[in-house]
Amino acid sequence: MPFIPIHDANPLKHIARPWVAWGIIVANVVVFGLQFAGTFGHVEEVILSYGLIPSTLFDIVERPANLAVVPDSFTIITSAFLHADIWHLGGNMVFLWVFADNIEDALGHLRFLLFYLLCAAGGSLLLVLSDPASQIPTIGASGAVSGVVAAYFLLHPTVRVWVLLFARIPLRLSALWLLGGWLAFQVYAVVTGGDEGVAWIAHIGGAVAGALLVMVMRRPGVPLFDRDPKSATLVVPAGKVEETAAAAEHPGVRGPWG
């Protein structure tokens, strides 16, 4: 990841606090701690039990009985709460910390929770469909995070975000270029193969899910592309010019729109 987002200075308009986004971050951190503390068993066993293994969803292979802790279909979600190491966890959580609050603001608490889980599922499902015979377990919140990034890109492309480029150089860039470039890189990685240890296709699945879902799940009146409905030009219907002018001269008189 060539940049680390730090702050977007994008105030909340509909909620006081992004409780769900914070809760998701806490849940990921707690699960990570329990995962490496051995609470659920050896780390490898946890990944094989709760991670996403495409071939198990199509009954091509079966998990050993001692690893079949949850139904295979549940792993499209449980896998999103596991991470390989602290850097994997930190990279995903910092994106959630900076961008998820505004998506929760635009959707509402419960809809954001559903949105997040559906984005995780979208990433998982595209991964499964891309290689249904794979027996490699996949873990991480990247699919869900990609959905958050795509939603932010559609809602707030003009917001300027502070980032650390190469973890050292502070820059303030618009979300249009920053997140647009990030999304384009995911597509590039899928096409070229990228790092074999990263499930790039899951990022695409999550991003597509996030872009589609935010368009139908956002609150009524929440615009796309940072458009301010109050700044729209008022078009006066023909024949109403005189009434409008009179109403402007006499504020106590109701105009043609009541």
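The values are calculated or read from the model by the stated rules, or taken from the named source; none is laboratory data. From a predicted model like this one, the values you see are computed outputs, not experimental measurements. Quick reminder, even Gly has a Cβ in these numbers, built from the backbone with ideal geometry, and neighbours come from all protein chains shown.
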query: What do you reckon, is A133 farther than 19 Å from A80 by Cβ and in contact (Cβ under 8 Å) with a residue 40 or more places away in the chain?
result: yes
task: Pairs only if they're at least six apart or on different chains, beta carbon under 8 angstrom, first in the range 105-125 and of a type in the set (S, T, Y), second surrounded by fewer than 19 Cβ atoms within 10 Å (Cβ to Cβ); list them, first residue then second.
output: S124/I77
message: Go through the range 87-104 and report how many residues are without any contact (Cβ under 8 Å) to a residue 24 or more places away in the chain and more than 16 Å from A27 (Cβ to Cβ).
response: 1
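Each row is one residue, and each column tells you yes or no for (1) touching a Leu at 6+ places or on another chain (Cβ under 8 Å); (2) under 30 Å from R218 (Cα atoms).
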residue	(1), (2)
G33	no, no
Y50	yes, no
I53	no, no
T56	no, no
S79	yes, yes
I86	no, no
G90	no, yes
L96	no, yes
G108	no, yes
message: Please verify whether A9 is modelled with pLDDT under 90 and within 30 Å of P220 (Cα to Cα), treating the condition exactly as stated.
response: yes
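On the basis of being at pLDDT below 95, surrounded by fewer than 24 Cβ atoms within 10 Å (Cβ to Cβ) and aliphatic (A, V, I, L, M), does L164 make the cut? I'd like the intermediate steps shown before the answer.
Details: at pLDDT below 95: yes; surrounded by fewer than 24 Cβ atoms within 10 Å (Cβ to Cβ): yes; aliphatic (A, V, I, L, M): yes.
Spelling it out, L164 is indeed at pLDDT below 95, surrounded by fewer than 24 Cβ atoms within 10 Å (Cβ to Cβ) and aliphatic (A, V, I, L, M).
Here is a check on your reading of the model: is G181 free of Cβ contacts under 8 Å to residues at least 24 places away in the same chain, on the phi > 0 side of the Ramachandran plot and small (G, A, S)?
Numbers: free of Cβ contacts under 8 Å to residues at least 24 places away in the same chain: yes; on the phi > 0 side of the Ramachandran plot: no; small (G, A, S): yes.
When the stated conditions are applied, G181 does not pass them.
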query: For the subset of the range 192-209 comprising residues that are at pLDDT below 90 and hydrophobic (A, V, I, L, M, F, W, C), which member is farthest from the chain's Cα centre (by Cα)?
result: V198
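Output the helices (runs of 4 or more DSSP H) that fall wholly within the range 17-125 and possess 3 or more residues being surrounded by fewer than 20 Cβ atoms within 10 Å (Cβ to Cβ) and out of contact with any helix residue (DSSP H, G or I) (no Cβ under 8 Å at 6 or more places or on another chain), or say none. I'd like the intermediate steps shown before the answer.
On the way: elements: 19-37, 43-50, 54-57, 75-78, 86-107.
It comes to 19-37, 86-107.
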